[in-house]
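The values are calculated or read from the model by the stated rules, or taken from the named source; none is laboratory data. Predicted model only: the values in this text are computed from it and were never measured. Positions of Cβ are backbone-derived with ideal geometry, glycine not excepted, and every protein chain shown enters the neighbour counts. Surface areas here come from the heavy atoms of the whole protein model, side chains and all, with no ligands, DNA or RNA. Shrake-Rupley method; radii C 1.70, N 1.55, O 1.52, S 1.80 Å.
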Amino acid sequence: MVASTWFGLGAALIIGLSLFQVIINPEPLRKVLAFNLLGSAVFVLFGVLARRGGGRIDGVAFADPVPQALIITGLVVAFAATVLAVALVLRLLQAECATQDHDTECRIDD
Amino acid sequence: MTELAVFGGKQLVVLALIMPLLGALLAFTIGGRTARWIALLTALVELVVVVSLAWIVVDQQIVVEYQLGGWEPPLGVRLRADGATVLVLLTATVVMTATMISAHADWQPLPDQHETRAGLVFWTLLPALWAAFNTVLLSQDLFNLFVALEILTFCAVPLVCLNGKAETFAAALRYLLFALLGSVLYLLGAGLIYGLWGTLDIGLLALEISKLNRYPPALSLALGLMTAGLMAKTAIVPLHLWLPPAHAGAPAPVSAILSAVVVKAAFVVLLRLWFELMPGSADTMVAQTQGVLGGLAIVLGGVLALRQSRLKPMIAYSTIAQMGYLFLVFPLAGAASAWGAGLLHLCSHALAKAALFLAAGQIITHFGDDRIDHLAGLGHVMPLTLLAFGVAGFSLMGLPPTGGFVAKWWLLQAAIETGHWGWAVPILFGGLLTAGYVFRVLAVALRPAATPALAASTVPHTANAMILLLALSSLLLGLAALGTGLPPQ
């Protein structure tokens, strides 16, 4: 088997595992982490597509540049999504702490 | 294509994207009390741009295309405005402009304040959201659509929790997670399609797919993933759980935009996939499943809307039901009228739903209560607002001659034409449910108040005018559609 096949199978496996976690894990932060893993696995798959769409010029292998460009854009989007999600988790926690009684421990380190 | 004046169609397509983006950036940079005036000015300029674009497309019967940076597909990104795009674009523009004008006095800073946080967020993110929605409508590139859908989500989520209550943060987070899951599934599908043909341009892909005798498994998988992802974003049953808390918890102008505009974006992409990329797929399993889920959404959304005790959650559940109608388009795609019915329903629902949410917002602010059982006397205090609420409600129900009526009539025609009579059941039953929850509000609101001391309300005239404008637009859309005398081909 060629390397890209292994990478493809690996990506598929991680997509499956992280998708499972995103759906079943009730913990918001873990959902966000699983979503990140899911995104990364999709990007690995894009890398595989870049390799398959590539070729050779004068014996030097090259990859299809379009999926790489998509990965870079996708990374930015995934980063923005993570920041927004983590900010929301934090604000949710703060808001819940504000309404709780003070005898329950509720500390957030900013 | 003949250039009309200084600005031809191509420039207008680009301006339609750039203007709201520019407005968002300026509003954010300058901020303070100026932010809302920048946003409002942007809205007016955008209105002129979109109306001119619509005029060119409709009057000259052309499709305007623009290639970004002069790069042609398969590499370049194409922007494209045809009649259908322009109709949705125009609807969104009317909804956005009217909402902004009616909300212009909200979140005003106090005399000693420079700006309010909520105000800055609202006036910055609303134009940005608008730019993202216009990109979804105009772009012909699958990856570009992904980015636009993501920006749309990132703008919509903070707006949900504008008032900073714990429950709205929870609603926003749930909304974000559903939307992110939806977009990552969509991205995966788009990647697989790129792997098959090496392009993301919808036009080129449709050409390639039309040459196939049988579909490769990767294509089926890709379309399945994309459809599932987009269905999560359109809140179709059983992926609807995020919608009611987000749409009901947000401030009323935001609810109006979310329900009228934002949920429609993913549906527009679904239409692209199943009508442009894969035409003639009405009898496939996927189309049938979409129809069944749509039917379920109509019934479940309607029943849940009837059971709500408050106005805004009721309107939010009604959105779930009305989105269900849109999904009946897929199994009925074999009939000529299905596409037009979907498009018309999308637009008339957008106008009517925006009017309902804005009216509910005025009722909460000026009547002080949105419990449906406590609305007695509303008709006396806020007659114009209630009138707009009623007209918009009639459009949702599908009373003639509203846009909702014509859309449902065309859907029924499609069901008869294709011989699939079964789909008429949810269409008609959903109308009854809608009538149930709209009349429930009207019946209470028209009763005399228990305490007759309520003074006439002080709803600002601009807000009332905008709500009436939206409701009447939904009505006039139906007349205009009837005027064309056809379900379009």
Can you name every residue in region B:163-172 that is open to solvent by 10 Å² or more (accessible area, probe 1.4 Å) and under 20 Å from the mean Cα position of the chain (by Cα)?
-> none
Residues (in contact (Cβ under 8 Å) with a residue 24 or more places away in the chain and away from chain A (no Cβ under 14 Å)) located in region B:211-221 = B:219
Within region B:306-318, identify whether any single residue is without any contact (Cβ under 8 Å) to a residue 40 or more places away in the chain and either touching a helix residue (DSSP H, G or I) at 6+ places or on another chain (Cβ under 6 Å) or part of a helix (DSSP H, G or I) (or both), and answer yes or no.
-> yes
Could you tell me which of the residues B:198, B:203 is within 13 Å of chain A (Cβ to nearest Cβ), under 20 Å from residue B:78 (Cβ atoms) and either more than 24 Å from the chain's Cα centre (by Cα) or at pLDDT below 95 (or both)?
-> B:198
Residue B:343: at pLDDT 95 or above, open to solvent by 10 Å² or more (accessible area, probe 1.4 Å) and either within 30 Å of residue B:271 (Cα to Cα) or not assigned by TED's automatic domain parsing to the domain that holds residue B:242 (or both), yes or no?
-> no
Taking residue B:110 as the residue in question, decide whether it is more than 8 Å from chain A (Cβ to nearest Cβ) and free of Cβ contacts under 8 Å to residues at least 12 places away in the same chain.
-> yes
Can residue B:263 be described as among the β-branched types (Val, Ile, Thr), buried (at least 24 other Cβ atoms within 10 Å of the Cβ) and in contact with a Ser or Thr (Cβ under 6 Å, 6 or more places away or on another chain)?
-> yes
Criterion: surrounded by 22 or more Cβ atoms within 10 Å (Cβ to Cβ) and either in a loop (DSSP other than H, G, I, E, B) or out of contact with any Asp or Glu (no Cβ under 9 Å at 6 or more places or on another chain) (or both) - qualifying residue of B:229, B:224 = B:229
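Out of B:203, B:224, B:249, B:198, report the one residue that is touching a residue at least 12 places away in the same chain (Cβ under 8 Å), outside the structural domain of residue B:78 (by TED's automatic domain parsing), out of contact with any Leu (no Cβ under 8 Å at 6 or more places or on another chain) and on the phi > 0 side of the Ramachandran plot. Even if it seems obvious, please write down each step before you answer.
Numbers: B:203 fails: on the phi > 0 side of the Ramachandran plot; B:224 fails: on the phi > 0 side of the Ramachandran plot; B:249 fails: on the phi > 0 side of the Ramachandran plot.
After applying the criteria, what remains is B:198.
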Selection within region B:222-249 - more than 14 Å from chain A (Cβ to nearest Cβ), closer than 21 Å to residue B:153 by Cβ and of a type outside the set (Val, Ile, Thr) = B:230, B:231, B:235, B:240, B:243, B:244, B:247, B:248
Go through the residues of region B:254-272 one by one and say whether even a single one is more than 25 Å from residue B:405 (Cα to Cα) and among the hydroxyl-bearing types (Ser, Thr, Tyr).
-> no
Which ones in region A:47-68 are open to solvent by 50 Å² or more (accessible area, probe 1.4 Å), facing another protein chain (nearest Cβ under 10 Å) and free of Cβ contacts under 8 Å to residues at least 24 places away in the same chain?
-> A:65
